[in-house]
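To start, the structure under review is shown below, and the notes come after it.
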Amino acid sequence: MAFHIHRRSLLAMAGIAGAAAVVGPARAHRAEDGTIRIGLVAPMSGPNARYGSFSLRGAQLAAKEINDAGGVGGRKITIIPGDSQGTPTEGVSALRRLIERDKVDYVIGDVTSGVTLALQPIAEEANVLLLNAASSNPTITYRAGKGGMKWTYRNYPTDEVRALVVLKYAAEQRKLTKFSVLSVDSDYGRGAIAFTKKYLPRFNASIVTEDYYKEGEVDFRSVLAKIRDSGAQGILMYGLADTTPIIARQMIETGVAGKLPLIGNGEFNAEVTIKAAPRALEGAIEAAAWLPAWDNPRSKAFVAKFAAEYRESANNHAYVHWETTHLLAKGVAAAGSVDRLKVRDALSSIKYESAMGEVTFDDHNQARLPMVLLQIENGAPSIKGAVSGEIEYPRT
Amino acid sequence: MFWTLVEQVLNGIVSGSVYAIVAVGMTMIFGVLRAINFAHGEYYMLGAFGAWVAVEYIDLPYPAAVVIGILVTALIALAVGWLIMQRIVGATAETGVLATLGVALVLQNAVIFIFGGSYKYFNGGYIEPVTIFGFMLAEQRVLIIIVCVLVFLALEAMVKLTWAGKAMRAVSQNPLCCEVVGIDVGKVVLQTFALGACLAALSGALTAPVNVTVYGGMGEIITFKTLPIIIMGGLGNVRGTFFAAMILGVAESLVATYIGLQYRDTVGFATLMLVLMWRPHGLFSTRARF
Amino acid sequence: MSAAPLLEIEGLAKSYGAVRAVDGVSLHVDHGEICGLIGPNGSGKSTFFDCATGLSQPDSGKVRLDGLEITGWSLDRIAREGRMLRSFQKTVVFSALDVEENLVIAGQMFAFPNVASTFGIGAAARTRVESLRIQARELIAAAGLWEVRHMPAGNLSGGQQKLIQFASMLMPKPRLILLDEPMAGINPKLIERVMDSIRYANRELGVSFLVIEHNIDVVTSLCARIVVLDQGRKLAEGTPEEIVVDQAVREAYLGG
Amino acid sequence: MSTVARNGRDLRLPFVAVLAALAASLPWLLGSYELHAVIVALTFLLPAYGLNLLVGYTGLLSLAQAAFFGIGAYVTALLAIHFQTPFIVNLLASGLIAGLIAFPLGVPALRLRATSFVMCTLGFVIIGQAIAKNWISVTRGDMGLESIPRPSFPLGPFSFTVSTTTGFYYLSLVIAAVATLAVWLIVRSPAGRNMVAIRENETLAESLGVPAWRYKIIVFMIGAAFGGLGGALHAHYLTVVTPLTFQMQYSTTMLVIVLGGGPGTISGVIFGSFLFVGLSEALRVAPELRMIAYGLCLLAIVFRFPRGFAPLIDRAWRWIGGER
């Protein structure tokens, strides 16, 4: 009988312990040490970690700089990473944990648009600012701000303006009208081409071949040979930074280099990329929201610090997360409070001086970002103009 | 038109050679273990990473870096083989699947943890293009094709002529009998596994210069490319794997040319399904192992 | 009794590559008969069995069951619709399942009219399974396996497994059972018990048998008629007495 | 059961009552993040059940679950967005369509032997993603389908919409409970017994009249239907569907849940679902080491509990029941 009682009480104990275990942490309050806690949702494990890693390092570098300068109104900033693995389910879990357990004040994320779309309703429900710095799906801001989701902001260019500017320059200045498409198979690559197609008739231009490559693809010889023989005058490429040097080298191999320029976006201007295949990138046209070689002391300092800190050169993902973290800190400073609503309002009216120029948000919480149009000349980017434009939102 | 076709077939053979070296290791491992190795691409990644570390941190010349890449992978593979793969012998297929998935997660994310998840640029190798029969390709690719052929010749010779090779063949045919006649199955499994992993590493180190960037998660895509090849080649069949890899390389190249690059990754599995509908046991016999 | 024999096989042939495993064998089993099939190793007995029961398909030849042509039917269809069952030499039971489950499974496809009805969860389905269970218990008791009925079948001895297999095949109330070496690898003491079971099923349940067996004493004692195969062809056919003295048979066994 | 050594009263009923009470009161016990993790576990339970019928009961190792998960998600999204059909219709349609699509896929695939079958099912996921990406007129490609409405139940005056995490938890709980009952009925039916027979020895089963081929195709379709249901539930929960839904990672997660939890048992799969989702979430305390630790745990479980946790659960259950 003794065992019987023991057994029953054991069950009861287990039950209580289980309940306590799950209740305890949920009721825990965040440590009121005055730090500003910024959650960063990004892929940090698995194959997509190659994008999340730059994001985290960029944000952490910004936090370090801010803290070294005394923080925001005396408060330090901490970046709390949340791994999304590039899947919506994991991303939502990461965001919920950041909000609930880590008690973050604001969230930056994610790189992948599919994940960001899933994060939006969660942030909206929790009244937490979700500041996106790297997703290109236009829907994200179509439905933000005036579109309904008040808590989503995006400090990343939409591809519509970019596509138009690039096409205009290629057609008018370089007299290129027949294009082959070689873009990444994602909402970014496909979206940019969709916008390009919208403006093709305006310039009497046409697309002769259309191919999209999967993230992680390494073999472009076949498709480049096809493009070489297709009669195209240029390759429209909205691609990924890590793939551009691969394509560029294979352009040399297949004899495309020097004949067809790359046109679009994909860090054509990065030093490592040009060094990998100078002949292929000569004459490339790119509309970039940032470039490592940008002649601005703030930008130059970032590039130097990043290289010193992490032993690798900064890329676009690193920059946008670095700049976005600074932007958010400016927003908090402008609001004069960590209160989420006040910071949100502060962002809506912010005039932020980024390394590239002034950033403001429109009524869809989409940043009006300065972009530069550049052309690779003699192995170095040469600026051909600054770009900025309003987005045409679809009427709903 | 005709020359386009010829060039695309050649391009297919180039990528087929890369697949072939990775796949042959996987198929040999399947032969002795009867387990699909979901971690196989990770050894490809380790080879490339090992070489990258040798170039970047120790400033070694490329050929030495390749050797370092293979050696590092061999050490890791021996550890994994000793700790994990030997235990899979005779276990259920489910155990093999879960265990190799676990190994893949650990290896992939350990590299991400140590070196950071970002992509790295690989400097080295022979990337200048040369012209052969009117086609241009990087010297490194010529090297890959030559190495691929040598690897297959060596493997054929090994399984036919050496004792170790014969033991591998024996284990792949019947592990139980091997125990009886005094072949140490555990040892053969370990050797085969390490050899297979080294071949994957060789492929990784050889392709790194033409693939330019390396990153911790690069193995997964290779694993999934390799799986349909080893099935088509007739599981455990070395010669069959060679031809299946070439067929897949050429098919991918033709699809990229005439249909669209976005369908390229489906080619392997689509081809596999068509082949299996026509011949449920693959293109090549599974009986003629090695 | 109908005019046609229960099982009638005509000119069955099957080749594997260049090897003609079975080369035009004709054979019949009458209603209520226990027929023996013997032959040296490699004479094609097993291939013949496999082709007759639908496990593999013959290259040519016809198989008729009670006048109905069943050539080309699958293994499960012949069992289900023809109520002609077969045993295997090596795999005899579902090792992970207990003895009673083994027998219930054996009866299921005969108690339910089709696949869809086996997904039934209503009272009717439960009643059917319950009656199968009762039938199974009777057979288990008769086979002397009552004590082990809840043990995994794989844990039992080879002889006990053969008994389970035999009891399983009686579950569907079959017309004809083809036994592939029922005595192979079992304890000599059990041989008598298995033979009794076969005789019992033949006499009381009206099941006909075609038995492959190496043990010549068993065959001569069980069967009224014996067919001898050699190198894929029928060598001889007759009563046990005739077969034992047949010169060709002796040569095939001794000289082969 | 006089033969069983007893050590006390049968506490199974009170234990189940406590479990049920715990399940009902979970929203008060947990924060919304923990509740979210529970919802994810309950959602993954559906495809895991389907996979369990395949691999655990019928012995067919499949990696196709993510494909049917994705099909279910797209079906529900398209119906909800274009036809504003109620949730329950979407859910059932997703299951049905996923099940029907499984038929033409299963017919050739099931002819293959073990390893080839696995690869073929892996192909379904990859090809599914390619279709989702390229059939832009229907799927909007990489733009995805967003703003999938929250589940609503038009019941005349009692219509209501499930919009909170708590509401979604109860909805998932009810769906998971119904699914559990359905699976339980299937595996307890004569068909379930035949499935096990096919797993144990296909030829022997066939020799006893069991049409293995028909069962395999039916179970493949049922498994796909469960996958579709899970996808539909998940799509309504996340409110977006993109080609990312066709992802190998989902297939492997489900495989880990079933094989690690306990193939061929219901309790093992439930346990596995909570264990592996919980493990993955709990390891977020160390973001950098998370997936390494997850992989190591997986390896430990594989070799420490090669048959999953089913035997352990069975023992615990008997112990609670008062058996020694």
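The values are calculated or read from the model by the stated rules, or taken from the named source; none is laboratory data. This structure is a prediction, so every number in the text was calculated from the model and none was measured. Positions of Cβ are generated from backbone atoms using ideal geometry, with glycine treated the same way; all protein chains shown enter the neighbour counts. Just so you know, the surface numbers come from the protein's heavy atoms only, side chains and all, with ligands and any DNA or RNA stripped out. Shrake-Rupley method; radii C 1.70, N 1.55, O 1.52, S 1.80 Å.
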Legend entry - Out of A:Arg174, A:Arg101, A:Arg97, sole residue that is more than 13 Å from the chain's Cα centre (by Cα), open to solvent by 10 Å² or more (accessible area, probe 1.4 Å) and not assigned by TED's automatic domain parsing to the domain that holds A:Lys342: A:Arg174
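Results for (1) over 24 Å from A:Ser93 (Cα atoms); (2) at the interface with chain A (Cβ under 9 Å from one of its Cβ atoms); (3) surrounded by fewer than 13 Cβ atoms within 10 Å (Cβ to Cβ); (4) not aliphatic (A, V, I, L, M), shown as yes or no for each residue.
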| position | (1), (2), (3), (4) |
| --- | --- |
| D:Leu13 | yes, no, yes, no |
| D:Val16 | yes, no, yes, no |
| D:Ala20 | yes, no, yes, no |
| D:Ala24 | no, no, yes, no |
| D:Leu30 | no, yes, no, no |
| D:Leu46 | no, no, no, no |
| D:Leu54 | yes, no, no, no |
| D:Tyr57 | yes, no, no, yes |
| D:Leu60 | yes, no, no, no |
Legend entry - Residue list for segment A:192-206, restricted to those being away from every other protein chain (no Cβ under 13 Å) and open to solvent by 10 Å² or more (accessible area, probe 1.4 Å): A:Lys198, A:Tyr199, A:Leu200, A:Pro201, A:Arg202, A:Phe203, A:Asn204, A:Ala205, A:Ser206
Legend entry - Top-ranked residue of segment A:220-243 - restricted to ones that are assigned to a loop (DSSP other than H, G, I, E, B) and over 23 Å from the mean Cα position of the chain (by Cα), ranked as nearest to B:Trp3 (Cα to Cα): A:Asp229
Inset, instruction - Run A:Ser313 past the list (1) surrounded by fewer than 17 Cβ atoms within 10 Å (Cβ to Cβ); (2) more than 22 Å from B:Ser118 (Cβ to Cβ) and report the number of the one that doesn't hold. - result: (2)
Legend entry - From the options B:Ala138, B:Ala157, residue that is touching a Lys or Arg at 6+ places or on another chain (Cβ under 8 Å) and either modelled with pLDDT under 90 or aromatic (Phe, Trp, Tyr) (or both): B:Ala138
Inset, instruction - Please work out which residue is nearest to the chain's Cα centre (by Cα), limiting yourself to segment C:42-56 and to residues that are open to solvent by less than 20 Å² (accessible area, probe 1.4 Å) and hydrophobic (A, V, I, L, M, F, W, C). - result: C:Phe49
Inset, instruction - Please specify each residue of segment A:237-265 satisfying the condition of being within 13 Å of another protein chain (Cβ to nearest Cβ), touching a Leu at 6+ places or on another chain (Cβ under 6 Å) and small (Gly, Ala, Ser). - result: A:Ala248
Inset, instruction - Would you confirm whether any residue within segment C:186-194 is in the same structural domain as C:Gly61 (by TED's automatic domain parsing), surrounded by 15 or more Cβ atoms within 10 Å (Cβ to Cβ), closer than 11 Å to C:Ile38 by Cβ and not aromatic (Phe, Trp, Tyr)? - result: no
Inset, instruction - Tell me which of these A:Gly385 doesn't satisfy, since it passes every other one: (1) modelled with pLDDT under 85; (2) buried (at least 23 other Cβ atoms within 10 Å of the Cβ). - result: (2)
Legend entry - When residues of segment D:175-185 are limited to those that are of a type outside the set (Gly, Ala, Ser) and open to solvent by 30 Å² or more (accessible area, probe 1.4 Å), the one farthest from the chain's Cα centre (by Cα): D:Leu185
Inset, instruction - Return the pairs, sorted by first residue and then second, in which the second residue is open to solvent by 70 Å² or more (accessible area, probe 1.4 Å), the first residue lies in segment C:222-247 and is in a strand (DSSP E or B), the beta carbons are less than 6 Å apart, and the residues are 6+ apart or on different chains. - result: C:Val227/C:Glu237
Inset, instruction - Six or more apart or on different chains, Cβ under 7 Å: which pairs go from a residue in segment C:154-169 that's under 22 Å from D:Val210 (Cβ atoms) and away from chain D (no Cβ under 14 Å) to one that's small (Gly, Ala, Ser) and open to solvent by 10 Å² or more (accessible area, probe 1.4 Å)? Could you list them? - result: C:Leu163/C:Ala143
Inset, instruction - Identify the single condition in (1) open to solvent by 30 Å² or more (accessible area, probe 1.4 Å); (2) part of a helix (DSSP H, G or I); (3) touching a residue at least 40 places away in the same chain (Cβ under 8 Å) that D:Phe117 does not satisfy, given that it satisfies every other one. - result: (1)
Inset, instruction - Look at D:Phe68 and say whether it is more than 19 Å from D:Leu171 (Cα to Cα), at the interface with another protein chain (Cβ under 9 Å from one of its Cβ atoms) and not acidic (Asp, Glu). - result: no
Inset, instruction - Give me a count of the residues in segment D:121-164 that are part of a loop (DSSP other than H, G, I, E, B) and either of a type in the set (Lys, Arg) or surrounded by 21 or more Cβ atoms within 10 Å (Cβ to Cβ) (or both). - result: 6
Inset, instruction - Give the number of residues within segment C:12-41 that are among the small types (Gly, Ala, Ser), open to solvent by 30 Å² or more (accessible area, probe 1.4 Å) and in contact (Cβ under 8 Å) with a residue 40 or more places away in the chain. - result: 4
Inset, instruction - Quick one: which residue in C:Leu229, C:Leu205, C:Leu222 is on the phi < 0 side of the Ramachandran plot, over 16 Å from the mean Cα position of the chain (by Cα), at pLDDT 85 or above and of a type in the set (A, V, I, L, M, F, W, C)? - result: C:Leu229
Legend entry - Any hit, segment A:277-292, residues being of a type outside the set (Phe, Trp, Tyr), in a helix (DSSP H, G or I) and surrounded by 24 or more Cβ atoms within 10 Å (Cβ to Cβ): yes
Legend entry - Pair list, Cβ < 7 Å and 6+ apart or interchain, from segment B:67-93 residues that are more than 17 Å from B:Gly204 (Cβ to Cβ) to residues that are of a type in the set (Ser, Thr, Tyr) and open to solvent by less than 80 Å² (accessible area, probe 1.4 Å): B:Ile88/B:Thr95
Legend entry - Filter result (within 14 Å of another protein chain (Cβ to nearest Cβ) and in contact with a helix residue (DSSP H, G or I) (Cβ under 7 Å, 6 or more places away or on another chain)) within segment A:273-291: A:Thr273, A:Ile274, A:Ala276, A:Ala277, A:Arg279, A:Ala280, A:Leu281
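To keep it simple, each residue is scored yes or no on (1) under 22 Å from A:Ala192 (Cα atoms); (2) among the aliphatic types (A, V, I, L, M); (3) out of contact with any Asp or Glu (no Cβ under 8 Å at 6 or more places or on another chain).
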{"position": "A:Ser113", "(1), (2), (3)": "yes, no, no"}
{"position": "A:Ala118", "(1), (2), (3)": "yes, yes, yes"}
{"position": "A:Ile122", "(1), (2), (3)": "no, yes, yes"}
{"position": "A:Asn132", "(1), (2), (3)": "yes, no, no"}
{"position": "A:Thr139", "(1), (2), (3)": "yes, no, no"}
{"position": "A:Arg143", "(1), (2), (3)": "yes, no, no"}
{"position": "A:Trp151", "(1), (2), (3)": "no, no, no"}
{"position": "A:Arg154", "(1), (2), (3)": "yes, no, yes"}
{"position": "A:Asp159", "(1), (2), (3)": "yes, no, yes"}
Inset, instruction - Those residues that are more than 9 Å from chain D (Cβ to nearest Cβ) and polar (S, T, N, Q), I need them from segment C:79-101; list them, please. - result: C:Gln89
Inset, instruction - Spot the failing condition for B:Leu71; the list is (1) open to solvent by 50 Å² or more (accessible area, probe 1.4 Å); (2) not in a helix (DSSP H, G or I); (3) not aromatic (Phe, Trp, Tyr), and only one is missed. - result: (2)
Legend entry - Subset of segment D:201-241 that is farther than 17 Å from C:Asn114 by Cβ, of a type in the set (Ser, Thr, Tyr) and within 11 Å of chain C (Cβ to nearest Cβ) - its residue that is surrounded by the fewest Cβ atoms within 10 Å (Cβ to Cβ): D:Thr203
